[in-house]
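Structure record follows, encoded as structure tokens.
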Amino acid sequence: MIKAILIFNNHGKPRLIRFYQYFAEDMQQQIIRETFHLVSKRDDNVCNFLEGGSYFEVLIGGSDYKLIYRHYATLYFVFCVDSSESELGILDLIQVFVETLDKCFENVCELDLIFHMDKVHYILQEVVMGGMVLETNMNEIVAQVELQNRMEKSEVK
């Protein structure tokens, strides 16, 4: 199960945070800081998985968690998952999410995440809800987003 999805820039500023497990606000902030610290100091040519260890036991309360991430341009996309999730499956899910954002925003960038937060959250909800993967077909996700956009435009008239 997916426990959290974190997107932050190269300077550690959170651009999208979604926790699917309850953590107090101060604990969430600590998780964000520590996660950025762990992921950002890794070299680009090492694997994109971080498993278990003392970090997860102290912060999250379990050692069966994994961080799976991808670094695109100025953004880190990090998924915190439990041991039941496939690392390669989550990497593929991150790729689908990023490509969907690219299609919806025509070359997504950090500013799109900032100024269109509602749309980004909607896209994420089409992909993952409650920590479970709903859809991985990019064309289906884009079709739902376009349908939502048409509905919003028809309500404005």
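The values are calculated or read from the model by the stated rules, or taken from the named source; none is laboratory data. Treat the numbers as computed from the prediction; the structure is a model and nothing was measured. Quick reminder, even Gly has a Cβ in these numbers, built from the backbone with ideal geometry, and neighbours come from all protein chains shown. In case anyone asks, the SASA skips ligands and DNA or RNA and just uses the protein heavy atoms, side chains included. Shrake-Rupley method; radii C 1.70, N 1.55, O 1.52, S 1.80 Å.
Could you tell me which residue of the range 29-52 is surrounded by the fewest Cβ atoms within 10 Å (Cβ to Cβ), considering only residues that are touching a strand residue (DSSP E or B) at 6+ places or on another chain (Cβ under 9 Å) and of a type in the set (D, E, K, R)?
Taking the candidates together, the pick is Asp44.
What are the residue pairs meeting all of these: first residue in the range 144-157, first residue closer than 23 Å to Leu124 by Cα, second residue in a helix (DSSP H, G or I) and polar (S, T, N, Q), Cβ atoms under 9 Å, and 6 or more apart or on different chains?
From residues that are closer than 23 Å to Leu124 by Cα, the pairs are Val145/Thr100.
Asp118 - would you say it is acidic (Asp, Glu), surrounded by fewer than 17 Cβ atoms within 10 Å (Cβ to Cβ) and within 16 Å of Ile2 (Cβ to Cβ)?
no
Could you list, ordered by first residue, the pairs with Cβ atoms under 9 Å in which the first is in the range 1-28 and within 17 Å of Phe77 (Cα to Cα) and free of Cβ contacts under 8 Å to residues at least 40 places away in the same chain and the second is in a loop (DSSP other than H, G, I, E, B) and not acidic (Asp, Glu), at least 6 apart or interchain?
His11/Thr74
Quick check on the range 73-96: of everything there that is hydroxyl-bearing (Ser, Thr, Tyr) and touching a Phe, Trp or Tyr at 6+ places or on another chain (Cβ under 8 Å), which residue is modelled with the lowest pLDDT? Let's see the steps before the verdict.
Of all residues in the range 73-96, those hydroxyl-bearing (Ser, Thr, Tyr) come to 74, 76, 83-84, 86.
Next, only the ones that are touching a Phe, Trp or Tyr at 6+ places or on another chain (Cβ under 8 Å) stay: 76, 83.
Values: Tyr76: 95, Ser83: 86.
The residue in question is Ser83.
Would you be able to say whether some residue in the range 116-128 is over 22 Å from Ile90 (Cα atoms) and modelled with pLDDT under 90?
No, the range 116-128 has no match at all.
For the range 20-45, which residues satisfy the criterion of being closer than 18 Å to Asp82 by Cα and basic (Lys, Arg)?
none
Considering the range 59-112 alone, what residues qualify as being of a type in the set (A, V, I, L, M), open to solvent by 50 Å² or more (accessible area, probe 1.4 Å) and outside any helix (DSSP H, G or I)? Show your work before the answer.
Just the residues of the range 59-112 that are of a type in the set (A, V, I, L, M), to begin with: 59-60, 67-68, 73, 75, 78, 81, 88, 90-91, 93-94, 96, 98, 101, 108, 111.
Next cut, open to solvent by 50 Å² or more (accessible area, probe 1.4 Å) only: 73, 88, 111.
Ala73 - this is the single residue of the range 59-112 that is of a type in the set (A, V, I, L, M), open to solvent by 50 Å² or more (accessible area, probe 1.4 Å) and outside any helix (DSSP H, G or I).
Filter the range 129-156 for residues that are hydrophobic (A, V, I, L, M, F, W, C), under 18 Å from the mean Cα position of the chain (by Cα) and either over 18 Å from Gln95 (Cβ atoms) or open to solvent by less than 50 Å² (accessible area, probe 1.4 Å) (or both) and give the result.
Scanning the range 129-156 gives Met129, Met132, Met138, Ile141, Val142, Val145.
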